[in-house]
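Below is one structure, written out as structure tokens; comments come after it.
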Amino acid sequence: MCGIVGYIGTQQAAPLIVSGLKRLEYRGYDSTGVCVLSDDAMRIEKRAGRVKDLENIVDIASIHGSVGVGHTRWATHGVPNDANAHPHTDQDGGIALVHNGIIENYLTIKKKLESAGYSFRSDTDSEVLAVFIGMLYKTLGDLELAVRTALTEVEGTFGIVVVSVHEPDMIIAARRGSPLILGIGNGEYLVASDASAVISHTRQVVYLQENEMAILTRDGFSTKTIENVDTRSVVEEIAFELEQIERGGFDHFMLKEIYEQPITFRDGFRGRLNIEEGSVRLGGLGPVVDQLRQAKRIIITACGTSWHAALVGEYLIEQLARVPVEVEYASEFRYRNPIIHHDDVVIAISQSGETADTLAAIREAKLKGATVIGMVNVVGSTIARETDAGVYLHAGPEIGVASTKAFTSQLCVLTQFALFLGRMKAVSAQQGKDLADALEQIPEQITRILDNAEPIKKIAHEYAQASNFLYLGRGYNFPAALEGALKLKEISYIHAEGYPAAEMKHGPIALIDENMPVVFIAPKDEIYDKIVSNIEEVRARNGRVIAIADDDDEHIARVANHVIRVPRTIPMLTPILASIPLQLLAYYIALERGCNVDMPRNLAKSVTVE
Ligand code: M6R
């Protein structure tokens, strides 16, 4: 949430910051702003809307100066308008700040400042911090000290970048709970919310740690804790290529990412799956193998799409490893004082590795003595760093706000994790080989689905104006139904619900009439006949049925209004193949409705606030 870019060097800062902000827009796109220092003056341009809206009214090239900061906002406090856009300044306009996160005690600080005669131009918590730093600077006369002093009084989360006309050859950055990285260039330094904003300038980065500050000048940078203890920073190489964060000829990132899945899925098992032996090598779990072998229970915690993947994981792990699994929304887990034993293993699943609730959940689990494992996509992210061990998804950067390829990669990793654990227990080499064989075929099967998207487009056209959708599936495909419904509501704004198909008759059936499209996931598995009965129940009430079915299922066309065919796989892997047409259906419906697929309203890619 919120994108930050700062620059200090020899080039013109404004165009460089603006191009970085464009790469960060997926983090928030409610408003945009830049601040550049030049000749002891500060020029700030900020507007509600996207980066291109700012460019339409401001000639970015006319903003001169080689030190500056920029911000794209996902609104927390105050509506998206010009006044609430960042950067915010102190009372005298000599210090500017951009902020990602939430200052929880901002009202207390604001009251204190107001009684000292300070006033405010915006409704934001961030402006309060800027004014507070300004007030402290007046007495301390040292920007770094003023920032540090302010931050020790602040409760909540922040990734901030501060510049000032008082000390114009310096940028100060600090983080607690919201990610920031430093880009190390040649005589130039950047600071940004993530690597995508700096990769066109440098591949060398430093991930700022929790409670760490960085002081950047043209000659170098130093890091220390907010409490002023020097820290040692490790320079790392960005783990992806520039092309991976570009649209590459596709109309939208979401479509590109859907079409990348044959590759990203394969990357998820490459070098891990041993088909001959029916086994899996997950090197990142090395440090916790004994704890895994002895675990009495596994708890998986996650949010949104990652939570849906976790539900599939529950079915997989219980089936293959016979270990009880519980799946928890991270936001609930962290606050309900969960019972955790030292022989529990807690798995956090997250695409971004920065989701605030998931992060808080693993901290709680660690505090209570559990072994904590991460299944994370973004290399070097906070969750990846704070877990005892982990498995990367290797899906590459996911920019589209609606998660697609990360979901199938999560299922890829969870399947292998279940097999890994299962092989330590009751799963035989032959059973392992059968599963590994089936998994190995998935990329080619995904390609076949993607090559046959035309029927899905036609269905999307027919139902694009529906007001509601139901998604139903059973067993492994109940979570796939939840995920299909989430995809549709996120990007098309059509109300959609996912249910276990058999639950329909306990309530949702009341909604069924000729205006209700119902998507059934109906692979030919041991409960196929039950699903067909559920389809008949919908048809008997004039509901419109769209069935996702095996390509050799001849019966289904007799009961469903529309059939979307997917290749046959083993039941355990059916949610992976079913997800592909569900993603495409949501995508094409959203297009038909003229929605902004990559930047759906009110959402942001990485939810770093509670
Ligand atoms: O980065 P994470 O996987 O931790 O994110 C969790 C959710 O915020 C995320 O899956 C969200 O639901 C997506 N918009 C789904 O498309």
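Read-outs: derived from the displayed coordinates by stated rules, not from any lab. Quick caveat: nothing in here was measured; it's all calculated off a predicted structure. Here Cβ is always computed from backbone atoms with ideal geometry, including for glycine, and neighbour counts include all displayed protein chains.
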Residues in the stretch 492-511 near a label at Q319, defined as backbone nitrogen under 11 Å from the 7 Å Cα→Cβ point?
none
Per-residue HN-Hα couplings for the stretch 127-135 [Karplus 6.51, -1.76, 1.60; θ = phi - 60°; Hz; x = Gly/Pro]
4, 4, 5, 4, 5, 4, 4, x, 5
Virtual spin-label span in nm between T139 and H461, 7 Å along Cα→Cβ:
7.0
In whole Å, largest first, the alpha carbons of the chain cover along the principal axes 77, 53, 44
Any chance you could give the angle, 0 to 90 degrees and rounded to 10, that helix 574-592 forms with the longest Cα principal axis of the chain?
60
Restricting things to alpha carbons, tell me how big the stretch 211-316 is in terms of Rg and Dmax, in Å.
20.7, 55
In whole angstrom, the spacing between the Cα centers of the stretch 524-602 and the stretch 103-153 equals 54
Pairs of alpha-carbon atoms within less than 8 angstrom and 6+ residues apart define the contacts here; what relative contact order does the stretch 3-238 have, in percent?
20
Taking one equal scatterer on every alpha-carbon of the stretch 3-238, how large is log10 of I(q)/I(0) by Debye at q = 0.17 1/Å?
-1.23
Taking amide H atoms as placed 1.01 Å from N in the peptide plane, list the residues 5 or more away in sequence, or in a different chain, whose amide H sits under 5 Å from that of T608.
A356
P(r) of the stretch 264-332 over all Cα-Cα pairs, binned every 5 Å from zero, in whole percent
4, 14, 17, 23, 25, 14, 3, 1, 0
Just order 271-277, 406-412 by mean Cβ neighbour count inside 10 Å, highest at the front, would you?
406-412, 271-277
Under 5 Å, built H, 5+ apart or other chain: amide partners of I347:
I299, I300, T301, I373
By how many degrees, 0 to 90 and rounded to 10, does the Cα axis of helix 454-463 deviate from the longest principal axis of the chain?
80
Check: C-alpha center the stretch 340-376 vs C-alpha center the stretch 419-496, spacing in Å is 26
Once phi is turned into ³J(HN,Hα) by the Karplus curve 6.51 cos²θ - 1.76 cosθ + 1.60 with θ = phi - 60°, what whole-Hz value does each residue of the stretch 158-167 show in order, with x for glycine and proline?
7, x, 10, 9, 10, 10, 8, 5, 5, 9
Angle, helix 106-115 long axis vs. longest principal axis of the chain, Cα atoms, 0 to 90°, nearest 10?
20
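Using the reciprocal of the averaged 1/r over all distinct C-alpha pairs, how large is the Kirkwood radius of the stretch 247-448 in Å?
About 16.9 Å, per the Kirkwood formula over Cα pairs.
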Could you list which residues have their amide H under 5 Å from that of F520, counting only those 5 or more apart in sequence or on another chain, with H placed in the peptide plane?
L472, I546, A547, I548
Here the stretch 139-148 yields Karplus 3J(HN,Hα) values (6.51, -1.76, 1.60; θ = phi - 60°; whole Hz; Gly and Pro given as x) of 8, 8, x, 8, 5, 4, 5, 5, 5, 4
Total formal charge among the other residues, if their Cβ is under 13 angstrom from that of G473, Lys/Arg +1 and Asp/Glu -1:
-2
